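Worksheet: the structure to be examined is printed underneath.
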Amino acid sequence: MKTDIILSGVGGQGILTIAFVLDNAALSRGLHFKQAEVHGMSQRGGAVYSYLRIADRPIWSDLVPEGQGDMILSVEPLEVQRYLHYLSREGVVISNTAPHKNIPDYPEEAAVLSALLDLPRCVLVDAAAIAAAGRQPKAQNMAMVGAATPFLPFDLADYEPFVRRLFEAKGEALVQGNLAVLRMGWNVGRTVQQLLTQGVPTRQVNSFLLRVTPETVDPDRANEVAVALHGPGAEAFLQEAGGKMPLDAALARCR
Amino acid sequence: MGDREVWLGDEAVAMAAVHAGISGVYGYPGTPSTEIFEAVEAVALREGIHAHWSANEKVAYEEALGMSFAGRRSIVTMKHVGLNVAADAFMNSAVTGVHGGLVLTVADDPGMHSSQNEQDSRYYAHFALVPCLEPADQQQAYEMTREALDLSEAVGLPVVLRLVTRLAHSRASVLPGPRVPQKPLDVWRDPMTFTLLPQNARIQYRRLTEKQADLLHRSETSRWNVLSDGPRHDRGFLVNGIAWNYLMEAFGGECPHPVLRIGQYPVPVDLMRSLVERVEEVVVVEEGYPFLEERLRGIVGIPGKAIRGKLDGTLPRTGELNPTIVAASLGLPVAQGLRPTLGEVPGRPPTLCPGCSHTDSFLEVREAMKPYGDLRVFSDIGCYTLGFYSPLNAIHSCVDMGASISMAAGAAHAGARPVVAAIGDSTFAHSGITPLLTAIRQNVDFTVVILDNGTVAMTGTQKTLATGEDLDRIVLGLGLDPDHLKVIEPHKMRAEEQVAIIRREIEYPGTSVIIARRACVQALRRGVV
Ligand SMILES: Cc1ncc(C[n+]2csc(CCOP(=O)(O)OP(=O)(O)O)c2C)c(N)n1
Ligand code: SF4
């Protein structure tokens, strides 16, 4: 077993926190891991990345070889494009949908997201909406970790001790809030994973789920989504630009 | 013996030093070495370890040498170019030798992630005739640091621990060892050893050369220098430090050829010979300069043997290695990844933070220099070097710490006018004071702008040694005419008046200093200013 991850984002977005959570999960599972990060010059609002390799056997290189990555986990959607050459053909992209526009020539937002939906395997995560649903607006990175977890050799329970250690001092509500955000992220990741396995195209799965309020996403109902996506209203529903609604309402719109 | 810990390579070095009983950590910040100092600093109070940033690497090294003189252990941390600054102390400390263990932990930056060059510190160890250890992973970083302190005392010499960015800034789990207490004070008594008058230095230098046979023997038998065999002898590999990781990665953990893995220097000659005898061709895979390769090849090469590496283009001469480059250079299969799905992916270079005082300072300096046409600002190293990029395009040089003032003076000597130097407060404390003193004594016709943001921002907002009124007094103490020291708080709201002040000082035909003082927003956010 090995999972090679490229974490990406923009300096200041906290990708090292994500890495640290995953490192500790690997440690608690007794797995081998190496995580190379960038400090210094590249941190001032520039593109940043980190390599995280997890395996059940010794890992040689701290850097992921090109074409062998299993996951790109990105807190910024444009940044994914910079690292695709690391991803193997079976690899998955987990990306936040929110753009970080600190450059003058940032491409059109819709084009950035659409390009990700052209990938064979991609999970788009509206991390801000998930964090807001858990009333933890600062916990967007936890939403990303949650969404990535179904594709990692971890359970949500692996993070709990660490989340507790991080937030305990600030009160139990914060601990529970972060765990809830992790869970909602996981629900999104797991639902997408099941649908992709069933052969539903990336574009359809993600377009549908981005229209569903995070607290109602339920992986146990992935089959219902698969069926609904064949419904007569599905195409129109996925085309329209609109707000989020509960899962039941979204399913009804497709049927 | 503790539990496994998740540590950066830098942190592994730091904790090893703490566990090995150091009494002091010395250094000046510099990526990728900074976290070594900071990890010791975090426990220094509890452990009773002296931990204060020094003004520069030379000062840091000499302080450590003093601690060694007093019989106690210490480490000195710096980035590779920091060793250029500390080189005088370092080279001479090899001649004096040490008493308490002294380890120089120096972090090289192949690929120049955040540096001006990618010099290889192994040459310095070789030059000074002292041992060098080079870890390949975080566990080795921990163990070697402890061994280096022991070795330093055993041979009576400073020992270099060479790190590279990818190890310094990579995390893995490390199993720490048992702790040993700090050493008691035991001040060196022999008046001769550390007094390098020629008469004494000749004796000491001879002693240094006499130690070389022992150092070589230690390398030949070191557990860090390992020659492994393999079924195929058409080729063999000579690798250092983390290059070994990339080689293993390329072969999936099982290399069918003999491999000599180097982690301790001086270069083990017999081991190198054994490798060469066994194979038809040696491929040298090195992270850094072709140091081993040059030594193996010599000037005339080895008759009947092919030696390949960075010098013949088998591997790239510049930049850092990675598993893909190593595999491709060896003709091993390289996987193809996905292609971008978006047509144009714009770059995202680092920039000055929104609200950074340097931006306002540069805008004002630019405006003040406008009447003189072509703008030339000699600058230095720090966040403000990002003023090079558009839209500021405000600086025209960045060479080594302190060079802004000295280069500006040289240009002024040559008749250039107007000449402006821009330097950060920490860079000024590091290496700006002596060139300014030199200039003031000659009343050089130029203007020095000191960008005082109250912190060492570039490397993570460490404490700066010369800021606020202390800085003003230092400048005046150098003999500057007080009429030509102007302190401003750079701000768009007051730009007009401040541009006028800067312009007046540029016009003044002598040395003037503008201190542009406003706190770094990151330092404010972290509450460190
Ligand atoms: C000899 C040497 N030591 C250390 C460094 C690393 N380094 C680059 S800039 C800098 C600090 C700059 O601080 P300051 O001058 O106050 O500028 P700021 O970043 O705060 O704008 C350091 C430590 C270096 N490049 N060269
Ligand atoms: S860290 Fe401070 S000095 Fe550096 S760019 Fe940001 S505000 Fe400016």
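Values in this text are rule-based calculations from the coordinates and carry no lab data. From a predicted model like this one, the values you see are computed outputs, not experimental measurements. Cβ atoms come from the backbone with ideal geometry, glycine included; neighbour counts cover every protein chain shown.
Just counting partner chain Cβ atoms within 10 Å, what average do the residues of peptide B:108-117 show around their Cβ?
2
Mind checking B:344-355 for the average number of partner chain beta-carbons within 10 Å of each residue's beta-carbon?
The shielding value for this peptide is 6.
Taking only C-alpha pairs under 8 Å that are 6+ residues apart, what is the relative contact order of chain B in percent?
11
Count the DSSP beta bridges whose two residues both fall in chain B, then state the antiparallel fraction as a percent rounded to the nearest 5.
The antiparallel fraction comes to roughly 15 percent.
Using only Cα atoms, tell me the angle between helix B:80-96 and the longest principal axis of chain B; keep it within 0 to 90° and round to the nearest 10.
Orientation of helix B:80-96: about 60 degrees from the principal axis.
Within segment B:508-524, whose backbone N sits under 12 Å from a point 7 Å along Cα→Cβ of B:Asp483?
The answer is B:508-510, whose backbone nitrogens lie closer than 12 Å to the label point.
Between A:Glu172 and B:Glu277, what is the label-to-label distance in nm when each label sits 7 Å out along the Cα-to-Cβ direction?
The answer from the label model is 7.2 nm.
Please arrange B:Lys79, A:Lys244 by how many other C-beta atoms lie within 10 Å of their C-beta, fewest to most.
Placing the least packed residue first, the sequence is A:Lys244, B:Lys79.
Check A:Cys122: other-chain or 5+ apart residues with amide H under 5 Å from its amide H, H built from backbone geometry?
Here A:Val93 satisfy the definition.
Computed over the Cα atoms of segment B:357-526, what is the ratio Rg over Rh, Rh following Kirkwood?
With Rg and the Kirkwood Rh in hand, the quotient comes to 0.92.
How would you classify the protein assembly as shown from its alpha-carbon gyration tensor, with a ≥ b ≥ c the square roots of the eigenvalues: rounded for a/c under 1.5, else prolate if a/b is greater than b/c, otherwise oblate?
oblate
How much of the DSSP beta bridge set in chain A is antiparallel, as a percent to the nearest 5?
Roughly 50 percent of the beta bridges in chain A run antiparallel, per DSSP.
Name the trypsin sites (Lys or Arg not before Pro) in segment B:293-331 that are in a loop by DSSP and that have at most 13 other C-beta atoms within 10 Å, would you?
Filter output for segment B:293-331: B:Arg317.
How much of the DSSP bridge set in the protein assembly as shown is antiparallel, in percent, rounded to the nearest 5?
Of the beta bridges lying entirely in the protein assembly as shown, close to 30 percent run antiparallel.
Under the definition of Cα pairs under 8 Å and six or more residues apart, what whole-number percent is the relative contact order of segment B:5-210?
So the answer I get is 29 percent.
If each DSSP helix of 4+ residues adds -39,500 (n - 2.57) and the sum is divided by the residues in the protein assembly as shown, what number results at 222 nm, nearest 500 deg cm²/dmol?
The helix contribution divided over the protein assembly as shown gives -11500 deg cm²/dmol.
Check B:Lys486: other-chain or 5+ apart residues with amide H under 5 Å from its amide H, H built from backbone geometry?
B:Val513, B:Ile514, B:Ile515
Straight distance only, please: which lysines reach the Cα of B:Lys463 with their own Cα at less than 26 Å, same-chain residues fewer than 8 apart left out?
B:Lys58, B:Lys79, B:Lys486
In sequence order, what are the phi-derived ³J(HN,Hα) couplings for segment A:201-209 according to the Karplus relation 6.51 cos²θ - 1.76 cosθ + 1.60 with θ = phi - 60°, rounded to whole Hz, with x for glycine and proline?
Per residue, the Karplus-derived 3J(HN,Hα) values read x, 3, 4, 5, 4, 6, 4, 5, 5 Hz.
Show which aspartates and glutamates lie in cross-link reach of B:Lys492 when reach means a straight Cα distance below 14 angstrom and same-chain residues fewer than eight apart are skipped.
B:Asp360, B:Glu364, B:Glu367
I'd like to compare B:12-18, A:154-160, B:468-474: which one has the highest average count of other Cβ atoms within 10 Å, and what's the full order after that?
Going from most to least packed, we get B:12-18, A:154-160, B:468-474.
Sort A:Lys34, A:Lys138, B:Lys58 by Cβ crowding within 10 Å, fewest neighbours at the top.
Ascending Cβ contact count within 10 Å gives the list A:Lys138, B:Lys58, A:Lys34.
How high is the FRET efficiency from B:Ala335 to A:Asp56, r the C-beta distance, R0 35 Å, rounded to 0.05?
Result of the calculation: an efficiency of 0.95.
Within chain A, what's the longest stretch lacking GluC sites (Glu not before Pro) that sit in DSSP loops with no more than 16 other Cβ atoms inside 10 Å?
The reported range is A:109-239.
Obtain the nm distance between the two label points defined at B:Glu507 and B:Val180 by a simple spin-label model: each point lies 7 Å from its Cα along the Cα-to-C-beta direction.
6.8
Considering every residue in A:69-77, what mean count of other chain Cβ atoms within 10 Å of its Cβ is obtained?
Mean partner-chain Cβ count within 10 Å for A:69-77: 1.
Quick one: if the Förster radius is 56 Å, what FRET efficiency do B:Asp270 and A:Arg165 give, using the C-beta to C-beta distance and rounding to 0.05?
0.65
In sequence order, what are the phi-derived ³J(HN,Hα) couplings for segment B:403-420 according to the Karplus relation 6.51 cos²θ - 1.76 cosθ + 1.60 with θ = phi - 60°, rounded to whole Hz, with x for glycine and proline?
In residue order, the calculated couplings are 5, 4, 5, 5, 5, 4, 4, x, 5, 5, 4, 6, x, 5, 7, x, 10, 10 Hz.
Assuming R0 = 35 Å, what is the FRET efficiency of B:Lys492 and A:Glu109, from their Cβ-Cβ distance, to the nearest 0.05?
0.70
Report the net charge of residues surrounding A:Phe237, where surrounding means a beta-carbon distance below 15 angstrom and charges are Lys +1, Arg +1, Asp -1, Glu -1.
+1
Straight-line reach only, C-alpha to C-alpha below 13 angstrom: list the aspartates and glutamates that A:Lys244 could link to, leaving out same-chain residues fewer than 8 apart.
Those aspartates and glutamates meeting the cut-off are A:Asp126, A:Glu215.
List A:Phe151, B:Phe428, B:Phe37 from most exposed to least, where exposure is judged by having the fewest other Cβ atoms within 10 Å.
A:Phe151, B:Phe37, B:Phe428
Taking 0.36 nm per intervening residue step and subtracting the Cα-Cα distance, what contour gain separates B:Arg189 from B:Glu47 on full extension?
Contour length minus Cα-Cα distance gives 48.4 nm.
Only Cα pairs under 8 Å and at least 6 apart count here; give the relative contact order of segment B:357-526 as a rounded whole percent.
25
List every residue whose amide H lies under 5 Å from the amide H of A:Gly69, counting only residues 5 or more places away in sequence or on a different chain, with H placed 1.01 Å from N in the peptide plane.
A:Leu87, A:Ser88
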